[in-house]
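**Student:** Got a structure here, written out as structure tokens. Questions coming.
The values are calculated or read from the model by the stated rules, or taken from the named source; none is laboratory data. In this text the structure is predicted, and so the values were computed from the model without any measurement. Here Cβ is always computed from backbone atoms with ideal geometry, including for glycine, and neighbour counts include all displayed protein chains.
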Amino acid sequence: MAFIDDLAMELFTLSLVGVLSLYLTGTAYLAYRKGVKDIEEVMKPGAFPLLVLGMIITIMGIYGEMTWPLPGSYNILFYDPYLILGLILLMVAISLILKQKLQYTGIIALFAGLIAIYYGANAYIDKMTASPIAMLGLYIAFGLTGVFTYPTTLIYDLLPGKAKVSKLWMVVLVIFWIGLVVSAVLAALTAIEAVPQHLLKPP
């Protein structure tokens with residue numbers, strides 16, 4: 001089988017996940033502030049693009065796990081958390097479509113976030129990249145976003161019965177949004193740096 005270098009595209013999909021998630025949750029929050037109580041209906045249109053992204057990431061993640069297209073153990077470092085992310089996106093999308101509680105997917109995201117941080121820390125210690133700070137930042141940002149996905153999904157599940165968003169909830173949401181922004185930017189910058197090198201070395 002020919003070597004197929006999809007790393008840049010996969011990094012761009014990570015950035016798209018961050019952008020879409022930020023837009024979706026931000027739109028839901030603004031709608032709630034305007035008095036809209038049916039948050040499920042506000043977020044439901046975002047389920048389809050999340051589903052598509054989740055399918056693409058899951059397929060590419062399975063491909064990476066099965067064929068090991070990257071050099072050596074970089075396949076473990078990248079594709080293990082990448083595949084888990086794809087599965088989480090599928091679960092979120094299906095939960096939104098079926099109007100199910102998100103907190104059960106949120107708790108999986110929490111542990112997936114801890115796993116991502118652990119992978120990133122080990123890669124940093126083992127000096128597996130020429131840009132260790134950027135790589136560690138990417139894994140920590142996505143990891144913390146995963147961790148804060150759990151309380152964010154709890155807010156989504158509990159919000160319709162509340163008159164207003166508490167200060168603690170706002171802190172959680174702001175941290176979650178910061179994580180999404182940092183994750184999306186770092187993934188996009190890493191992908192942008194990868195594109196010229198990968199175009200010069202086609203399969």
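**Student:** Based on what the data block shows, is residue 171 not in a helix (DSSP H, G or I) and not basic (Lys, Arg)? Even if it seems obvious, please write down each step before you answer.
**Tutor:** Working: not in a helix (DSSP H, G or I): no; not basic (Lys, Arg): yes.
Criteria not met by residue 171.
**Student:** Oh, and also: Residue 59 is checked against (1) surrounded by fewer than 17 Cβ atoms within 10 Å (Cβ to Cβ); (2) at pLDDT 95 or above; (3) closer than 21 Å to residue 159 by Cα; (4) not basic (Lys, Arg) and fails just one. What number does that condition carry?
**Tutor:** Failed condition: (3).
**Student:** Tell me, which residue of region 144-180 that is over 19 Å from residue 101 (Cα atoms) and loosely packed, with under 15 Cβ neighbours inside 10 Å is farthest from the chain's Cα centre (by Cα)?
**Tutor:** Step by step, filter region 144-180, then rank; the result is 163.
**Student:** Also, quick follow-up: Of all residues in region 4-63 being β-branched (Val, Ile, Thr) and assigned to a loop (DSSP other than H, G, I, E, B), which is nearest to the chain's Cα centre (by Cα)?
**Tutor:** That would be 4.
**Student:** With (1) on the phi > 0 side of the Ramachandran plot; (2) surrounded by 14 or more Cβ atoms within 10 Å (Cβ to Cβ) as the list, and residue 72 as the residue in question, which single condition is left unmet?
**Tutor:** (2)
**Student:** State yes or no: is residue 109 at pLDDT below 90, small (Gly, Ala, Ser), closer than 25 Å to residue 74 by Cβ and part of a helix (DSSP H, G or I)? Walk me through how you get there before you give the answer.
**Tutor:** Values: at pLDDT below 90: no; small (Gly, Ala, Ser): yes; closer than 25 Å to residue 74 by Cβ: yes; part of a helix (DSSP H, G or I): yes.
No; evaluated as a whole, the condition is false for this residue.
**Student:** Can you find even one residue in region 181-193 that is within 19 Å of residue 81 (Cβ to Cβ), outside any helix (DSSP H, G or I), out of contact with any Phe, Trp or Tyr (no Cβ under 7 Å at 6 or more places or on another chain) and at pLDDT below 90?
**Tutor:** Scanning region 181-193 turns up no residue that is within 19 Å of residue 81 (Cβ to Cβ), outside any helix (DSSP H, G or I), out of contact with any Phe, Trp or Tyr (no Cβ under 7 Å at 6 or more places or on another chain) and at pLDDT below 90.
**Student:** Going through region 28-51 one residue at a time, which ones are under 16 Å from residue 153 (Cβ atoms) and free of Cβ contacts under 8 Å to residues at least 40 places away in the same chain?
**Tutor:** 42, the sole residue that qualifies.
**Student:** Now for a different question. Would you pick out the residues in region 64-91 that are part of a helix (DSSP H, G or I), over 15 Å from residue 13 (Cα atoms) and touching a residue at least 60 places away in the same chain (Cβ under 8 Å)? Working first, answer last.
**Tutor:** First, pick out the residues of region 64-91 that are part of a helix (DSSP H, G or I): 64-67, 74-91.
Narrowing the set further to residues that are over 15 Å from residue 13 (Cα atoms) leaves 65-67, 74-77, 80, 91.
Correct list: 67 only.
**Student:** Return the only residue of 141, 123, 112 being without any contact (Cβ under 8 Å) to a residue 40 or more places away in the chain, under 18 Å from residue 84 (Cβ atoms) and surrounded by 18 or more Cβ atoms within 10 Å (Cβ to Cβ). Let's see the steps before the verdict.
**Tutor:** Details: 141 fails: without any contact (Cβ under 8 Å) to a residue 40 or more places away in the chain; 123 fails: without any contact (Cβ under 8 Å) to a residue 40 or more places away in the chain.
Just a single option satisfies the conditions, and that option is 112.
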